[in-house]
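Everything below concerns the one structure shown next.
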Amino acid sequence: MSSATERDERIFILAAFALFLAGVEYMIPKPLPFMRLGLANLPILISLALFSPRQVLLLTLYKVIGQGLLQGTIFSYIFLFSAAGSFAGSLAMLVIYQFLGRWTGLIGISVCGAFAGNMVRLYLARYVLFGEQVWIMAPPFLIMGLLSSLALGALAALFVEKSKWCSPIPEPGS
């Protein structure tokens, strides 16, 4: 199998895993609007060790569109919140992984990504829905993001360290 085919296969597997986790998370009751555990971000964290930044963003796009279709929110403001938060989180994780990856493990990268994504969602909530009152729900929202990102980062780090599936794919021509 060519390295490009193997890479595409891994992207699709991680996208399917993200959608599975999004489905699981959809069934968990939410105490506040937009408060999520971010389970579907686990494949994004894993992908940092496997793919180029472009491919990580492609996986994020698959995740966002798949979640919107799965949850029936693709033509709603909820999709806007999901897309903006997901891309902000993925971009933050990519930047930190690329420039500080050797000093920051996947746990720290996960926390930074969750913080970036949640701040974008809070910002949108302030201007689209709730106004200044959004800051009342910010503390529990950010605390939940911190706790879940710590757990997801630890799971991703363990998986990347122990899994043979996460071994690098050789670039074409090497």
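Read-outs: derived from the displayed coordinates by stated rules, not from any lab. Every value quoted in this text rests on a predicted model; they were computed, and no experiment measured them. Glycine gets a Cβ as well: all are built from the backbone with ideal geometry, and neighbour counts include every protein chain shown.
Taking Cα atoms only, the orientation of helix 3-26 departs from the longest principal axis of the chain by about 30 degrees.
What number, rounded to the nearest 500 deg cm²/dmol, is the helix-based mean residue ellipticity at 222 nm of the chain, given -39500 (n - 2.57) per DSSP H run of at least four residues and division by all its residues? Helix-only estimate at 222 nm: -24500 deg cm²/dmol.
Shown for region 106-170 is the translational diffusion coefficient from the Stokes-Einstein equation, using the Kirkwood radius over Cα pairs, a temperature of 20 °C and a viscosity of 1.002 mPa s: 161 µm²/s.
How much net charge surrounds L70 when only the other residues with a Cβ under 13 Å from the Cβ of L70 are counted, with Lys and Arg +1 and Asp and Glu -1?
Numbers: positive: K63; negative: E25.
Here the count lands on 0.
For region 46-60, putting each phi into the Karplus relation 6.51 cos²θ - 1.76 cosθ + 1.60 with θ = phi - 60° gives couplings of 4, 5, 4, 7, 10, 10, 6, x, 4, 6, 5, 5, 5, 4, 4 Hz, in residue order, rounded to whole numbers and with x for Gly and Pro. Computed from point charges on the beta carbon alone (+1 for Lys and Arg, -1 for Asp and Glu), the dipole magnitude for region 3-166 about its Cα centre is near 100 Debye.
Selection among N118, A16, L45 by position relative to the dipole of the chain gives N118 as farthest towards the positive end (Cβ unit charges, Cα centre). Angle between the Cα long axis of helix 77-100 and the longest principal axis of the chain, 0 to 90 degrees, nearest 10? Helix 77-100 sits roughly 50 degrees off the main axis of the chain. Beyond 21 Å, how much of the Cα-Cα pair distribution for the chain remains, as a whole percent? Tail of the P(r) past 21 Å holds 46 percent of the pairs. For the listed peptides 109-119, 53-63, 133-143, a ranking on the average number of other beta carbons within 10 Å per residue, highest first, reads 109-119, 53-63, 133-143.
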